[in-house]
Amino acid sequence: MANLANSCAIVGIARAVGLKGDKEKKTPLQLVVQACSQLMREMRIGRTKIGALFTGRMPRSYMTLQYSQSLVNELKIAPMFSTEVTSHGGGALGTLQLSVLALNAGLIEYALCITGEASPIWIDMIGGSANWEADLQFEAPYGPTTPALYAQSACRYMHEYGITAEQMARVAVENRKWALHHPYAAMRRKGPITIDDVLKSPMIASPLRLLDCAPWFPGGIASAALITREEVARDICREPVYIAGFGQHNTHEWVGERMGTWGVEPFMDGPSMVRTGARVAAKQAYAMAGVTAKDIDIVETSVPFTYANLLMLEELGFCGEGEGGRFVESGGIDFEDGLPFNTTGGYLSFGQSGQGLYLLKEIVDQMWRHPEGHPVPNVTRGLVHGHGGPLACHSVMILSKEPTC
Amino acid sequence: MSETSNISVPDWSGGKKVQAGDQFLGLYQPSPETVGFWEGVKRRELLFKWCGECARAYHPRRMICPQCSSTELTWKPASGKGTVYSYSEVHRAPSPEFQKEAPYNVGLIETAEGVHFFCRICAESGARVEVGTPARLDFRVLGSGYLLPVFVIGSEAAK
């Protein structure tokens with residue numbers, strides 16, 4: 001295998017935000033174009049230089065059958081590659097992964113990676129969302145919601161490992177502390193919360209209560225990143241952020257199929273509602289980068305429920321199997337002195353929608369010392385996890401200020 | 001609502017039309033391969049796909065056996081016995097029709113055939129749903145308006 005570690009770097013990253021209450025409602029297309037044009041202008045990258053436009057999946061609030069071409073059309077670029085990279089939300093980081101491959105092959109000079117969504121501005125998000133997470137034929141007729149689908153794994157996680165509601169609540173409490181410092185976090189004005197607040201919040205789909213669930217981000221976000229080979233990156237960027245390692249793993253579709261999946265990693269020994277492809281993707285990423293979880297200064301995950309954050313801490317190697325609850329309970333992700341974890345407030349307090357590459361941007365911003373929210377000192381290596389389909393599709397990327405090997 | 005007079009089941013044989021306003025864009029998930037399953041439901045039978053070669057049951061819609069690649073899968077009636085593998089009690093339902101039934105349980109039943117079957121779990125006479133609770137097959141018309149295979153727990157189910 002080609003040595004991909006540290007071979008490419010992020011040289012620029014931009015975002016555009018539109019809020020629900022804004023006088024002029026922004027579409028994802030408008031936000032993406034705004035972010036991309038700003039990025040290309042700042043980086044002085046002409047339209048002919050973009051060899052690949054990779055976007056995350058077509059937004060629900062801007063559906064068109066050739067979405068990436070709509071972006072190509074607006075930007076008037078003519079890339080060699082133009083496509084959606086989509087394994088549910090897991091595709092967002094896949095845009096960078098495919099860019100690294102094309103850049104290493106010498107086929108292109110620059111890749112533009114994009115995500116954008118603005119559903120909460122345009123769509124009533126209560127209700128219909130389960131239709132994107134459930135099999136319409138065999139699951140939706142029973143009346144599940146998105147939380148009820150994720151709750152199946154929560155139920156088994158608690159049953160198999162003794163995870164408690166208090167341990168789950170601690171994630172919401174710590175994530176909220178970061179959100180209070182972030183100008184765009186959905187819950188920034190709601191004040192701090194306690195474990196008791198979470199445990200007393202209304203039941204949504206047992207065992208998940210209101211504060212165990214991510215709120216919708218009250219608007220839309222587009223993010224755009226410019227990627228190039230490391231030698232070019234050093235020429236045009238004072239502080240390129242190296243793509244040290246990455247991995248991706250996709251296992252099944254629909255929660256009802258999860259237990260029908262075996263004989264492939266991570267289900268070689270049989271199916272599981274708990275273990276996920278995140279552990280496989282993380283292993284690939286660490287191996288490529290030549291680092292371990294101990295070398296990571298900051299972590300952003302993309303799971304929209306408290307328990308799944310505990311689980312991801314396990315899967316991504318920050319604690320042992322079944323120890324996510326105890327790790328967090330003993331201060332593992334404390335705002336004050338724990339591992340900086342979901343530093344925008346995370347899905348739970350920043351809100352969910354169009355985050356995609358926004359999580360990646362948070363790590364880059366922290367490395368460049370101008371985060372939108374609370375600064376994390378001395379960030380040298382970060383890990384970002386993208387995920388989609390109830391725990392079905394996982395991408396991991398390790399970013400570094402210096403080449404790791 | 002009488003269950004016997006209403007034997008409407010989901011029909012995905014021709015897929016669902018995806019529309020943009022008046023414009024027809026394409027078909028969502030036409031599933032002629034699942035017609036047999038829904039015909040079974042009309043007869044109040046739960047059918048799993050069965051690979052005779054591997055003696056293994058699958059659900060839903062397996063076209064080939066992932067173990068031996070056989071394409072000779074047949075429909076075989078399930079025993080209707082199982083236990084609760086996972087569950088969630090839904091308090092905030094996805095639509096007003098379902099909200100009328102809330103709170104209700106959806107979850108996975110580990111059937112005697114080894115299939116983990118996602119369905120509504122109906123509790124009889126105040127029975128509590130827990131992991132490992134015995135459950136038996138039944139058919140109910142749910143908020144969706146369709147007759148569907150469900151699993152029931154309670155004193156009757158344990159027998």
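Details
- Residues (hydroxyl-bearing (S, T, Y), facing chain B (nearest Cβ under 8 Å), touching a helix residue (DSSP H, G or I) at 6+ places or on another chain (Cβ under 7 Å) and outside any loop (DSSP other than H, G, I, E, B)) located in region A:134-177: A:S153
- Among the residues making up region A:60-86, those that are closer than 13 Å to A:I50 by Cα, in a helix (DSSP H, G or I) and touching a strand residue (DSSP E or B) at 6+ places or on another chain (Cβ under 7 Å) are A:L71, A:V72.
- Scanning region A:191-225 for residues that are of a type in the set (F, W, Y) and not in a loop (DSSP other than H, G, I, E, B) yields one hit, A:W216.
- Take the conditions (1) away from every other protein chain (no Cβ under 11 Å); (2) assigned to a loop (DSSP other than H, G, I, E, B); B:P10 misses just one of them, which is (1).
- Here the condition is being facing chain A (nearest Cβ under 9 Å) and under 19 Å from A:G260 (Cβ atoms); of B:Y87, B:Y146, it holds for B:Y87 alone.
- Residue within region A:253-272 that is surrounded by 19 or more Cβ atoms within 10 Å (Cβ to Cβ) and in contact with a Cys (Cβ under 8 Å, 6 or more places away or on another chain) present: no
- Within region A:178-190, being surrounded by fewer than 16 Cβ atoms within 10 Å (Cβ to Cβ) and either part of a helix (DSSP H, G or I) or in contact with a helix residue (DSSP H, G or I) (Cβ under 8 Å, 6 or more places away or on another chain) (or both) holds for one residue alone: A:K190.
- In the condition set (1) among the charged types (D, E, K, R); (2) closer than 29 Å to A:C213 by Cα; (3) more than 7 Å from every other protein chain (Cβ to nearest Cβ), B:E113 is compliant with all but (2).
- Some residue of region A:105-115 being under 22 Å from A:Q248 (Cβ atoms), modelled with pLDDT of 95 or more and in contact with a Cys (Cβ under 7 Å, 6 or more places away or on another chain): yes
- Exactly one residue out of A:A285, A:A278, A:A289 is in contact with a Phe, Trp or Tyr (Cβ under 7 Å, 6 or more places away or on another chain) and of a type in the set (G, A, S): that is A:A285.
- Top-ranked residue in region B:143-157 [being at pLDDT below 95 and touching a strand residue (DSSP E or B) at 6+ places or on another chain (Cβ under 8 Å); ranked as surrounded by the fewest Cβ atoms within 10 Å (Cβ to Cβ)]: B:E156
- Test: residue in region A:108-118 that is surrounded by fewer than 23 Cβ atoms within 10 Å (Cβ to Cβ), more than 14 Å from chain B (Cβ to nearest Cβ) and farther than 17 Å from A:V32 by Cβ: yes
- Subset of region B:53-81 (residues that are in contact with a strand residue (DSSP E or B) (Cβ under 7 Å, 6 or more places away or on another chain), farther than 17 Å from B:F37 by Cβ and among the polar types (S, T, N, Q)): B:Q67, B:S70
- Complete set of residues in region A:191-216 that are free of Cβ contacts under 8 Å to residues at least 40 places away in the same chain and either more than 12 Å from every other protein chain (Cβ to nearest Cβ) or of a type in the set (A, V, I, L, M, F, W, C) (or both): A:G191, A:P192, A:I193, A:T194, A:I195, A:D196, A:D197, A:L199, A:K200, A:M203, A:L210
- Failed condition for B:T74, given (1) within 14 Å of chain A (Cβ to nearest Cβ); (2) more than 29 Å from A:P207 (Cβ to Cβ): (1)
- Residue in region A:262-280 that is among the aliphatic types (A, V, I, L, M), away from chain B (no Cβ under 11 Å) and touching a His at 6+ places or on another chain (Cβ under 7 Å) present: yes
The values are calculated or read from the model by the stated rules, or taken from the named source; none is laboratory data. For clarity, every value in this text was computed on a predicted model and none was experimentally measured. All Cβ positions, even for glycine, are placed from backbone atoms using ideal geometry, and neighbour counts span all protein chains on display.
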